[in-house]
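> If you scroll down you'll find the structure; I have some questions about it.
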Amino acid sequence: MIIDKTWRVLTVGDGDLSFSASLLTHHQPASLTATVLDTSDVLLGKYAHNDYQTLLDQQCPVLCEFDVTDPNAWSTLEKHSFDLVIFQFPLIPAFKSHQEFQEKCKEVHINTLNRQLLRHFLVNSFEHFLDPNGARLCYITSKDVKPYKEWNIENALHRNTDIDYLGWHDFNIDAFPGYKVRNVDRDKHVKDTKGITYVWSDNSAHAIKSQLNESLYKDEAYCELCATGPYNNDQDKIKHQSTKKHLNMLNYEAMWQLILDRE
């Protein structure tokens, strides 16, 4: 992960705060503010091993009950005061009941809800968190497996905005000693899975682009939607377009477009 020591960094939704603690200790940004969705009591009760006190002991601000989709949750955060905002392995919280699941998924799919979360993260970061005169970068680190790769992260999240997708680089967890990637709402960490850090800015000519990889699935030999290919010929690509995977992705995209049309 590309971290400049002069940057002021905000981490979003860092469950047990182990990522923030490792970032602060081993990468030493100019400043760090860490946030979690849980209350402090829930955080301490949920994770037997956490870095809440570790960060406080190092005078690192920790904001609890920080919901990146709700402006009321970050009213105490100084506006436009960061260079970089990071969201590690985001996923919507587990539903508390079957009734809540039915209510929230009445018109949309869980796929759409996760895309909404990440879009809120990007839009709110550029409108409220990032300094107009700073580096102005957003990172989302995610996994290259289902269901995460079905969110069409490189193309769908910033659609119809002034935000530009710049590229990606591999996330090396070994560069963050002590960081545990947690299951959502559980005191267990998942086995190491290949992570990819995706990068956005509202400066399409940002200098960081020279350190990033471009999207792999852009030309006619690939299916950008499904992130597959290259295909040997047009017949193979047409065959792919009739697969269940491709049809599912078309359905996700249609639901996503309905959400965007309502904005």
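The values are calculated or read from the model by the stated rules, or taken from the named source; none is laboratory data. It should be emphasised that the depicted structure is a prediction, and the values quoted were computed from it without experimental measurement. Cβ atoms come from the backbone with ideal geometry, glycine included; neighbour counts cover every protein chain shown.
> Quick one: which of ASP51, ASP67 is more than 26 Å from SER201 (Cα to Cα) and touching a Leu at 6+ places or on another chain (Cβ under 8 Å)?
Exactly one residue qualifies, and that residue is ASP51.
> Separate question: Scanning segment 109-144 for residues that are among the basic types (Lys, Arg) and assigned to a helix (DSSP H, G or I), which turns out surrounded by the most Cβ atoms within 10 Å (Cβ to Cβ)?
The selected residue is ARG115.
> Further question on the same structure: For segment 22-43, what are the residues that are of a type in the set (A, V, I, L, M, F, W, C) and under 14 Å from LEU55 (Cα atoms)?
Selection gives LEU23, LEU24, LEU32, ALA34, VAL36, LEU43.
> Same structure again: Return the residue satisfying two criteria in turn: it lies in segment 153-195 and is among the aliphatic types (A, V, I, L, M) and outside any loop (DSSP other than H, G, I, E, B), and of such residues it is modelled with the highest pLDDT.
Of everything passing the filter in segment 153-195, LEU166 is modelled with the highest pLDDT.
> Condition test on ASN213, is it of a type in the set (S, T, N, Q), over 18 Å from the mean Cα position of the chain (by Cα) and modelled with pLDDT of 90 or more?
no
> Being among the charged types (D, E, K, R), in a helix (DSSP H, G or I) and more than 28 Å from the chain's Cα centre (by Cα) is the requirement here; does ASP236 meet it?
It is true that ASP236 is among the charged types (D, E, K, R), in a helix (DSSP H, G or I) and more than 28 Å from the chain's Cα centre (by Cα).
> Follow-up question, since we're still on this one. For segment 232-250, which residues satisfy the criterion of being touching a residue at least 40 places away in the same chain (Cβ under 8 Å) and of a type in the set (S, T, N, Q)?
If the condition is that a residue be touching a residue at least 40 places away in the same chain (Cβ under 8 Å) and of a type in the set (S, T, N, Q), then ASN248 is the only one that fits.
> Is there a residue in segment 92-105 that is under 23 Å from THR197 (Cβ atoms) and either at pLDDT below 95 or over 22 Å from the mean Cα position of the chain (by Cα) (or both)?
yes
> What residue, of SER215, SER201, SER210, is surrounded by 13 or more Cβ atoms within 10 Å (Cβ to Cβ) and under 18 Å from ILE3 (Cα atoms)?
Unique residue meeting the criteria: SER201.
> Looking only at segment 145-173, count how many residues are surrounded by fewer than 14 Cβ atoms within 10 Å (Cβ to Cβ) and without any contact (Cβ under 8 Å) to a residue 24 or more places away in the chain.
Qualifying residue count for the region: 1.
> Right, something else. Can you pull out the residues in segment 137-152 that are among the β-branched types (Val, Ile, Thr) and at pLDDT 95 or above?
Of everything in segment 137-152, those that are among the β-branched types (Val, Ile, Thr) and at pLDDT 95 or above turn out to be ILE140, THR141.
> Quick test for you: out of LEU10, LEU37, LEU44, pick the one residue that is over 15 Å from the mean Cα position of the chain (by Cα) and aliphatic (A, V, I, L, M).
Selected residue: LEU44, the only one of LEU10, LEU37, LEU44 that is over 15 Å from the mean Cα position of the chain (by Cα) and aliphatic (A, V, I, L, M).
> Among what's in segment 1-57 and is part of a loop (DSSP other than H, G, I, E, B) and among the aromatic types (Phe, Trp, Tyr), pick the residue that is surrounded by the most Cβ atoms within 10 Å (Cβ to Cβ).
Residue satisfying both the conditions and the ranking: TYR47.
> Further question: Mind checking whether some residue in segment 53-74 is acidic (Asp, Glu) and within 16 Å of VAL181 (Cα to Cα)?
No - not one qualifying residue is present in segment 53-74.
> Is it true that some residue in segment 70-91 is among the acidic types (Asp, Glu), under 20 Å from the mean Cα position of the chain (by Cα) and either more than 29 Å from ASP4 (Cα to Cα) or modelled with pLDDT of 95 or more (or both)?
Checked against the condition, which is being among the acidic types (Asp, Glu), under 20 Å from the mean Cα position of the chain (by Cα) and either more than 29 Å from ASP4 (Cα to Cα) or modelled with pLDDT of 95 or more (or both), segment 70-91 yields at least one hit.
> Same structure again: Any chance segment 199-221 includes a residue that's in the same structural domain as ASN50 (by TED's automatic domain parsing), outside any helix (DSSP H, G or I), within 23 Å of GLY134 (Cα to Cα) and aromatic (Phe, Trp, Tyr)?
Yes.
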